[in-house]
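Below is one structure, written out as structure tokens; the observations come after it.
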Amino acid sequence: MCVNIPMFSDSLQCQPCPDDHWSNERHDRCIPKVMELLSYEELLGLVLTISAIFLTIFTASVLGVFVRYRDTAIVKANNRGLSYLLLVSLMLCFLCSLIFIGHPKKLTCMLRQTFFGIIFSISVSSVLAKTIIVVIAFKATNPYSPARKWLGSRTPWSIVFSCSLLQVLICAVWLVKAPPFPELNMKSYNEKIIFTCNEGDTIFFYCMLGYMGLLATVSFIVAFLSRNLPGSFNEAKLITFSMLVFVSVWISFIPAYLSTRGKYMVAVEVFAILCSSAGLLGCIFFPKCYIILFRPENNTKGYLVGKVPLARENRK
């Protein structure tokens, strides 16, 4: 952009404006560009911040319910350790969205995508481990079944560790080779400067997202294939639905992310983080909390394995 400056010969000469200015419609004055970023002060950033804090507190409440009723049938049947890990990782997922809001700094730019990728991988790995354990548990009902050797506590933790390790390595190489950094984008728009984080080498960004999508897809397939396992409270069906919500959110995220710029690009990613995490929380834990708090008569081992619920037995 440039402005027309009158010369001694009454002719006009175009003089470029500085990078942080743009010319008005008459091209006779340079106007400072407006700085654009997703901040806590504006309505969009405030709504996302309040949503993240509310969901974090709600997740902590669900964790409190599971800890308080840790000796009941539902909590025991769904692997208490994995449930605790999944709830804590979901809390961190909600909190990590706050790193995307506010003025980008070198540290926050380096942490926000990598922290998000690692924490989400732990969450999805926990869901995958829960699914596999459910399948093994039903396959190992026979005391002489060879699948019983996989029912120990090492199996789920090994799955979580091994599946999360590759994501950690991807993020570590990303930070070493081409880490994200703060950037003032003055070229995309004439009238404003976009203050955002440059992702460095975008190949690592899409590798991180792709690996997370792979874990979610595997979890969905395993849960879907085992959705017809017997039992009145089928964990596989809940995981199938939660993974369907999770995958749908992130499939929708990619075109929305690529078609936006500036603060709205950041807002789209924060919205996807909150929605996918809330989907996991609601689909997997809401039915359990409902039975624990409002239908305690069904919180029995007999109900879980598909026998007549205690409430029906009492009516007889």
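The values are calculated or read from the model by the stated rules, or taken from the named source; none is laboratory data. Keep in mind it's a predicted model, so treat the numbers as computed, not measured. So basically every Cβ, Gly included, is an ideal-geometry build from the backbone, and we count neighbours across all protein chains shown. In case anyone asks, the SASA skips ligands and DNA or RNA and just uses the protein heavy atoms, side chains included. Shrake-Rupley method; radii C 1.70, N 1.55, O 1.52, S 1.80 Å.
Length available on full extension from PHE161 to GLU42: 0.36 nm per residue minus the Cα-Cα distance, which gives 38.9 nm. Taking amide H positions as modeled 1.01 Å from N, with prolines and chain starts lacking one, the residues under 5 Å from GLY102 and 5 or more places away or on another chain are LEU38, SER39, TYR40. Sorting 211-218, 296-303 by their mean Cβ neighbour count within 10 Å, with the most densely packed peptide first, gives 211-218, 296-303.
Across the accessible surface of segment 168-278, with the other protein chains kept in place and a 1.4 Å probe, carbon and sulfur atoms take up 70 percent. Shape class of segment 230-293 from the Cα gyration tensor (axes a ≥ b ≥ c, square roots of the eigenvalues): oblate, since a/c reaches 1.5 or more and a/b does not exceed b/c. For segment 38-54, backbone phi angles converted through the Karplus equation (6.51, -1.76, 1.60; θ = phi - 60°) give residue-by-residue couplings of 7, 10, 6, 6, 7, 4, 4, x, 5, 5, 5, 5, 4, 4, 5, 5, 4 Hz, Gly and Pro being listed as x.
For segment 238-271, backbone nitrogen atoms closer than 14 Å to the point 7 Å from LYS192 Cα along Cα-to-C-beta are found at 260-268. For segment 258-264, the Karplus equation 6.51 cos²θ - 1.76 cosθ + 1.60, evaluated at θ = phi - 60°, returns couplings of 6, 9, 10, 9, x, 5, 6 Hz by residue, with Gly and Pro reported as x.
Distances between placed amide hydrogens fall under 5 Å for HIS21 paired with LYS33, all partners being 5 or more residues away or on another chain.
Seen from all directions on average, segment 182-277 presents a Cα convex hull projection of 7.1 nm². Close amide H pairs (under 5 Å, H built 1.01 Å from N) link LYS192 with VAL34, residues at least 5 positions away or on another chain.
Computed from the alpha carbon atoms alone, the convex hull of segment 35-82 holds 84 Å³ per residue. The orientation-averaged projected area of the convex hull spanned by the Cα atoms of segment 78-132 comes to 3.6 nm².
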